[in-house]
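S.K.: Handing you a structure now.
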Amino acid sequence: MDRYEDALGSYLLRITPTELTQEQNKSLHKFLHAITDFERISDHANNIADSAKEIFDKQLEFSQASQHELDVLAAAVKEIVDLTISAFVDNDLELALQVEPLEELIDGLCDQMRSRHIDRLQMGISTQQHSFVFNDLMTNYERVGDHCSNVAVAMIELAHDVFDMHEYLDSRKLIRDAAFDENYERFRAKFNIE
């Protein structure tokens, strides 16, 4: 992925000064915004694989509650990655608009899971050795969601000729329209750790 990112980035920068149509220019910006985020997603996927290897090598077994929470979080992250890739490949803004509510839900799940894990530690259900791997997994899953959000927001901004990602994210969270709330509630029902 690192080599692809370098090759694609170099190519895109070489064609930047050429005369492009408005549509080609939008595509160029879309790709330039997205390639770094896709590469970072692959880094986090590698970190998740390393955590899985550590779990296997150390023969760690999580409590039933911890394993359930990780399974729900992994399913939510798989869905956000699938949504992001489909939105990007098909240039589908409706799918891109579903990414941010799911990313917000993933952040909330991670907060809940951290709190619950601390409770399990205090009750002696989990150990410190579990904590390191559990927290590594959550951090990497959460970051995957963040990068998916970056890709989707860049697509939405480019479609609306707005190029300040942070300003868009702030306004998106302040103006939580009905579709955002509807998608968030749909994802909350689907990915519930209760």
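The values are calculated or read from the model by the stated rules, or taken from the named source; none is laboratory data. Predicted model only: the values in this text are computed from it and were never measured. Using ideal geometry, Cβ is built from the backbone for each residue, glycine included, and neighbour counts are taken over all protein chains shown. Accessible surface areas use protein heavy atoms only, side chains included; no ligands, DNA or RNA. Shrake-Rupley method; radii C 1.70, N 1.55, O 1.52, S 1.80 Å.
S.K.: Which of the residues belonging to the range 9-26 are free of Cβ contacts under 8 Å to residues at least 40 places away in the same chain and either surrounded by 15 or more Cβ atoms within 10 Å (Cβ to Cβ) or in contact with a strand residue (DSSP E or B) (Cβ under 9 Å, 6 or more places away or on another chain) (or both)?
M.R.: If the condition is that a residue be free of Cβ contacts under 8 Å to residues at least 40 places away in the same chain and either surrounded by 15 or more Cβ atoms within 10 Å (Cβ to Cβ) or in contact with a strand residue (DSSP E or B) (Cβ under 9 Å, 6 or more places away or on another chain) (or both), then G9, L12 are the ones that fit.
S.K.: Determine whether S63 is within 23 Å of the chain's Cα centre (by Cα), polar (S, T, N, Q), open to solvent by less than 50 Å² (accessible area, probe 1.4 Å) and at pLDDT 90 or above.
M.R.: Considered against the rule, which asks whether it is within 23 Å of the chain's Cα centre (by Cα), polar (S, T, N, Q), open to solvent by less than 50 Å² (accessible area, probe 1.4 Å) and at pLDDT 90 or above, S63 comes out as no.
S.K.: How many of the residues in the range 103-128 are surrounded by 14 or more Cβ atoms within 10 Å (Cβ to Cβ), of a type in the set (V, I, T) and farther than 19 Å from E79 by Cα?
M.R.: Total satisfying the criteria: 1.
S.K.: Confirm whether E79 is out of contact with any His (no Cβ under 8 Å at 6 or more places or on another chain), at pLDDT below 95 and either surrounded by fewer than 14 Cβ atoms within 10 Å (Cβ to Cβ) or part of a helix (DSSP H, G or I) (or both).
M.R.: So E79 does not fit the description; no.
S.K.: S131 - would you say it is surrounded by 12 or more Cβ atoms within 10 Å (Cβ to Cβ), assigned to a helix (DSSP H, G or I) and modelled with pLDDT of 95 or more?
M.R.: When the stated conditions are applied, S131 does not pass them.
S.K.: Just to be sure I understand, how many residues within the range 37-52 are within 14 Å of the chain's Cα centre (by Cα) and open to solvent by less than 30 Å² (accessible area, probe 1.4 Å)?
M.R.: 4
S.K.: Given the options S115, S42, name the one that is part of a helix (DSSP H, G or I), small (G, A, S) and within 20 Å of I193 (Cβ to Cβ).
M.R.: Exactly one residue qualifies, and that residue is S115.
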